[in-house]
């Protein structure tokens, strides 16, 4: 992460210190902003400053990328974000593809009956699937078993089962999944980013509501052996009818690498607007 006031000399002093620290330790390049894991906020906002962010991203003012570029930092990679809306047309084509894929590859949608089932039976396999699918992505660091245990304990007990799609093979091995959450953006705004003394009250609504208006995609993954075979259609076909029934009005994709065409193709059945862009910068240390 990086933070500084709108003053080029402040940014220069800060980054020069970082570069010197790296040079003294034999490093040759500065890269970022990046988190410690792929589940931390990544990238600096460069487009969409007038748009509302999500819980898993950070906001920065336009002067941040401007100062970095003035100081010789160049683009390393971009993430794009989409605002998604349900199309008015029916879902017959998606339903048909989903049915064909399920029959052809002997796959099925997992019926989740309790959060305990999600945590105990599918928690570890779910994050193992994430490690397998995300390992080839820019900046990804493999999650250790300890980290996986922490994420399972922190997030899965809060998940609304209706907002989760798990796709498994005939042996009940996970081959695909989509996990979404009600948007916490308004709650974060109203609480001022503080849980106490009364900020937590604002988080009860998205946690308890049965009819969220806005949804955030948290995790989407398809095993490499099943990519480009239509498993994404099964995930979309699982979730979208539920969203329609809940009265969902819009969805946020959250950041995805701009060159990750496989992920972007899954939004083809939806009305989409690419409305935000984030960037990781790099600079060689002189």
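All of the numbers you see were taken from the coordinates with simple rules; none came from a lab. Computed from a prediction, not measured in an experiment: that's the story for all the values here. Because the Cβ atoms are built from the backbone with ideal geometry, glycine has one as well, and the counts that use them run over all protein chains shown.
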Once you put a point 7 Å from the Cα of residue 104 and another 7 Å from the Cα of residue 91, both along the Cβ direction, what distance in nm separates them? 2.0
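With 10 angstrom as the radius, rank 122, 226 by how many other C-beta atoms surround their C-beta, starting from the fewest.
Going from sparsest to densest Cβ surroundings: 226, 122.
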Sorted from fewest to most neighbouring beta carbons within 10 Å, what does the list 61, 108, 67 look like? 61, 108, 67
Evaluate 2.2 N^0.38 Å with N set to the residue count of the range 118-200, then give the Cα radius of gyration divided by it. 1.31
Distance histogram in 10 Å bins (all Cα pairs of the chain, percent per bin): 6, 25, 33, 23, 10, 3, 0
What's the angle, to the nearest 10 degrees (0 to 90), between helix 123-134's Cα axis and the longest principal axis of the chain? 60
Once the Cα atoms of helix 231-246 and of the chain are each reduced to a long axis, what angle between those two axes, in degrees from 0 to 90 to the nearest 10, is obtained? 80
Where Rh is the Kirkwood radius over the Cα pairs of the range 164-286, the temperature 4 °C and the viscosity 1.567 mPa s, what D in µm²/s does Stokes-Einstein return? 77
Extending each Cα 7 Å along its Cβ direction at residue 150 and residue 274, get the distance between those two points in nm, one decimal. 3.4
Using only the alpha-carbon atoms, what does the range 87-247 span along each of its principal axes? Please give whole angstrom values in decreasing order. 54, 42, 32
Nearest 10 degrees, 0 to 90: helix 92-105 Cα axis against the chain principal axis: 80
Between residue 259 and residue 228, what is 0.36 nm times their sequence separation minus the Cα-Cα distance? Round to one decimal in nm. 9.6 nm
Of 24, 111, 92, the most mobile residue in a GNM of the chain (C-alpha springs, cutoff 10 Å) is 24
Extension gain (nm, one decimal) between residue 114 and residue 52, 0.36 nm per residue minus Cα-Cα: 19.1 nm
Taking N as the residue count of the range 75-164, its alpha carbon Rg divided by 2.2 N^0.38 Å gives 1.39
Virtual spin-label span in nm between residue 71 and residue 211, 7 Å along Cα→Cβ: 5.0
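Most exposed first by the Cβ proxy, i.e. fewest other Cβ within 10 Å, how do 126, 100, 34 rank?
100, 34, 126
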Semi-axes a, b, c in Å (a largest) for the range 8-79, each sqrt of 5 times a Cα gyration tensor eigenvalue, come to 23, 16, 10
